[in-house]
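Before any comments, here is the structure.
The values are calculated or read from the model by the stated rules, or taken from the named source; none is laboratory data. As the structure is a prediction and not an experimental result, all values here were calculated from the model. Positions of Cβ are generated from backbone atoms using ideal geometry, with glycine treated the same way; all protein chains shown enter the neighbour counts.
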Amino acid sequence: MSVWSTASRFCPRTSGWRRLCASACLLAAIGAGPLSASASARKLTAANWDAAAQRLVVGNGLMSDQEGAGFAGASPLSAQADGAALTAIAAREHSEPVAVPGSASITVVGFDASLIDQLGLGEVAEHVQQTAAAAGLNPPGYFGSEVVARYLGLDYEHPVGEQTLDLYPWNQITRAEAAHSFAVALESDAWALSAAREALSSFALPRYTGPQLQVLRIAVSKIGMPYVWGGTTDGTEDGLEHGGYDCSGFAWRVYKVSGLRWGRKILGRTAAQQAGEIPKSARIPLGGVQPGDLLFFGSAHFGSKATEANVIHEGIALSAEWAIHSSGQGVYLQPLTSGWLAESFTWARRVL
């Protein structure tokens with residue numbers, strides 16, 4: 001039986017993709033929750049927040065309870081447990097299991113890389129990595145695999161009030177976080193892999209100017225950082241429960257917190273403010289987008305007045321075809337030419 005054809009639906013891939021930030025990204029990302037309504041009334045912890053996913057992966061033989069300790073969701077995932085899960089996926093797909101390094105610590109990015117390899121997309125991740133490196137973006141070594149993992153919706157961003165449960169890319173992955181990713185893989189449709197392969201195999205970047213490189217190297221370095229409501233920093237300097245970024249906070253981090261001189265042109269903190277503080281004559285249509293441009297999304301038309309109700313999301317252009325932004329999969333990449341970014345594009349703003 002194919003790993004992509006289980007009967008029930010746990011967490012549709014699109015639930016992460018369609019989480020837009022409301023009120024100019026100063027509201028929590030909203031999507032299909034990991035627990036039922038009755039279970040969500042309990043206090044969610046690092047151990048129990050994805051009880052449904054834990055039951056699913058145990059029931060399908062990917063993971064097992066710990067002797068005398070239940071599932072132990074808050075515990076770090078061991079190399080042995082990771083290897084066993086990947087072997088179970090391989091058996092379903094009649095493929096060879098990916099070898100898991102016998103390390104005492106499996107990080108989020110290490111886990112994602114192994115799972116992407118097991119799903120047959122390792123070469124796609126390598127293409128993305130090499131493309132970013134060749135363009136001079138100095139991507140972290142996990143850039144390609146994180147782009148693919150988050151394109152597939154394998155990671156979970158916790159909502160406001162639970163964001164202390166978010167993990168940084170370099171953190172050890174917990175059994176609960178691993179269970180969520182394995183559950184999404186089990187419940188994904190077959191077309192998800194082919195769609196990711198098609199889109200990301202054609203990933204290409206232009207030749208950048210010096211200023212564009214300064215900006216986009218910062219943006220790319222944040223791949224996989226959590227979505228955090230109101231966040232503008234890697235840590236908790238702004239008094240929030242966790243480090244990370246909301247959508248306009250990501251743009252603020254790249255242009256303002258970094259101290260880049262171009263950031264002096266940006267005055268407002270929210271997406272609507274940043275979209276509305278330029279004259280209408282300076283607005284850029286989708287066909288005119290260049291790397292480093294601020295991108296705005298929502299229900300506004302090109303000639304509309306920007307309001308907090310009609311400009312609700314923001315990103316930064318890597319190219320005319322790709323955006324990097326913070327949303328339902330943390331900081332990740334999505335195409336500008338298709339999907340909800342293309343459908344909800346309002347206008348762009350040139351800062352460089």
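Values computed for the structure shown
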read-out: Some residue of the range 287-302 being part of a strand (DSSP E or B), within 22 Å of GLU198 (Cα to Cα) and modelled with pLDDT of 95 or more; value: no
read-out: Residue in the range 139-147 that is assigned by TED's automatic domain parsing to the domain that holds GLY61, touching a strand residue (DSSP E or B) at 6+ places or on another chain (Cβ under 8 Å), of a type outside the set (Lys, Arg) and closer than 20 Å to ALA196 by Cβ present; value: yes
read-out: Close pairs (7 angstrom Cβ cut-off, 6 or more residues apart or separate chains): surrounded by fewer than 18 Cβ atoms within 10 Å (Cβ to Cβ) in the range 83-108, part of a helix (DSSP H, G or I) anywhere; value: ALA90/GLN118; GLU96/ALA90; PRO101/ALA79; GLY102/ALA79; SER103/ALA79
read-out: Residue selected from the range 59-101 under the condition touching an Asp or Glu at 6+ places or on another chain (Cβ under 7 Å) and over 14 Å from HIS180 (Cα atoms), by the criterion modelled with the lowest pLDDT; value: VAL100
read-out: The range 231-266 - residue that is crowded, with 23+ Cβ neighbours inside 10 Å and of a type in the set (Gly, Ala, Ser) and, of those, nearest to GLY303 (Cα to Cα); value: SER248
read-out: Total residues in the range 210-256, condition more than 21 Å from the chain's Cα centre (by Cα) and at pLDDT 95 or above; value: 6
read-out: LEU121 vs. criteria surrounded by 20 or more Cβ atoms within 10 Å (Cβ to Cβ), modelled with pLDDT of 95 or more and more than 30 Å from TRP229 (Cβ to Cβ); value: yes
read-out: Residue match in the range 332-340 (condition: surrounded by fewer than 21 Cβ atoms within 10 Å (Cβ to Cβ), under 18 Å from the mean Cα position of the chain (by Cα) and part of a strand (DSSP E or B)); value: yes
read-out: Residue ID - surrounded by the most Cβ atoms within 10 Å (Cβ to Cβ), chosen from residues in the range 267-286 that are of a type outside the set (Ser, Thr, Tyr) and under 25 Å from the mean Cα position of the chain (by Cα); value: ALA271
read-out: Failed item, numbered, when GLN163 is tested on (1) of a type outside the set (A, V, I, L, M); (2) touching a His at 6+ places or on another chain (Cβ under 6 Å); (3) modelled with pLDDT of 95 or more; value: (3)
read-out: Search result, residues across the range 299-327 that are crowded, with 24+ Cβ neighbours inside 10 Å and closer than 19 Å to GLY230 by Cβ; value: VAL311, ILE312, HIS313, GLU314, GLY315, ILE316, HIS325, SER326, SER327
read-out: Which numbered condition GLY292 misses (of (1) crowded, with 23+ Cβ neighbours inside 10 Å; (2) more than 24 Å from PRO206 (Cα to Cα)); value: (2)
read-out: Spans of helices (runs of 4 or more DSSP H) in the range 34-129 with at least 3 residues not hydroxyl-bearing (Ser, Thr, Tyr); value: 51-59, 79-93, 108-118
read-out: Complete set of residues in the range 179-209 that are under 19 Å from the mean Cα position of the chain (by Cα), outside any helix (DSSP H, G or I) and among the polar types (S, T, N, Q); value: SER188
read-out: Single match in GLY141, GLY136 (criterion: under 27 Å from LEU213 (Cβ atoms), free of Cβ contacts under 8 Å to residues at least 40 places away in the same chain and part of a loop (DSSP other than H, G, I, E, B)); value: GLY141
